[in-house]
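Remarks on the structure that follows.
The values are calculated or read from the model by the stated rules, or taken from the named source; none is laboratory data. If you're wondering where the values come from, they're calculated on a predicted model, not measured in any experiment. So basically every Cβ, Gly included, is an ideal-geometry build from the backbone, and we count neighbours across all protein chains shown. Side chains are part of the model used for accessible areas, which takes the heavy atoms of the whole protein and leaves out ligands, DNA and RNA. Shrake-Rupley method; radii C 1.70, N 1.55, O 1.52, S 1.80 Å.
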Amino acid sequence: MKITVQTEVFDLNAEVTALHRNNPSVGAIATFLGTVRSESGQVSEMALEHYPGMTEKSLAAIVQEAQSRWAVLDATVIHRIGPLAPCEPIVLVAIASAHRGEAFAACEFIMDFLKTRAPFWKKETTTAGGQWVDARTSDESAAQRWNKP
């Protein structure tokens, strides 16, 4: 399991290759790559901040929860911090499993909980100035569907 919070751009191909290198049990890798978007060209920069130490622990707990629900063979979660421009990658969630269903479900679960439980703060800079991004109810609704009965 690899969990990293970093300022540097990551290499998507290298990260995916590392997940299945020398592991013949891996039959599927599901990935999610999140990028900075600028709807109608409004956002010129997104700055991400986090709580060092606490963030990594939170991400590890989310991945461990996914591993308890699905047959995850390996996982990589990389989240960038600092100033980012539109189209730059923000986050990578990559899950290796024997079968695609397990990989897709775990990947989606991790991303849903990363959006709602990980201690990251986003500030968008637009022509109108800087503004902190509030949590979205749609993200919370997505995470709620994973609640165990």
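With everything on Cα atoms, drop me the angle between helix 54-69 and the longest principal axis of the chain, reported from 0 to 90° to the nearest 10. Once rounded, the angle reads 40 degrees. With r as the distance between the Cβ atoms of Ala71 and Arg117 and R0 = 30 Å, compute the FRET efficiency 1/(1 + (r/R0)^6) and round to 0.05. It comes to 0.85. Its Cα gyration tensor gives segment 1-125 an equivalent ellipsoid; the semi-axes, largest first and in whole Å, are 26, 16, 13. Normalised per residue, the accessible area of the chain is 56 Å², obtained with a 1.4 Å probe and no contribution from ligands, DNA or RNA. The accessible area of Phe120, taken with all protein chains in place and a 1.4 Å probe, comes to roughly 30 Å². Sorting Thr31, Thr116 on solvent-accessible area from highest to lowest, probe radius 1.4 Å, gives Thr31, Thr116. Let me make sure I get this right: for segment 1-60, a, b and c are the square roots of the gyration tensor eigenvalues over alpha carbons, sorted descending. Under 1.5 in a/c it's rounded, otherwise prolate if a/b > b/c, else oblate. Which is it? Cα axes put segment 1-60 in the oblate bin. Modelled spin-label separation between Ala135 and Ala28, with each label point placed 7 Å from Cα along the Cα-to-Cβ direction: 3.0 nm.
Can you give the FRET efficiency for Val9 and Glu49, using 1/(1 + (r/R0)^6), R0 = 22 Å, r = Cβ-Cβ distance, to the nearest 0.05? It comes out at approximately 0.75. Here r is the Cβ-Cβ distance between Ala18 and Thr125 and R0 is 35 Å; the resulting FRET efficiency, rounded to 0.05, is 0.55.
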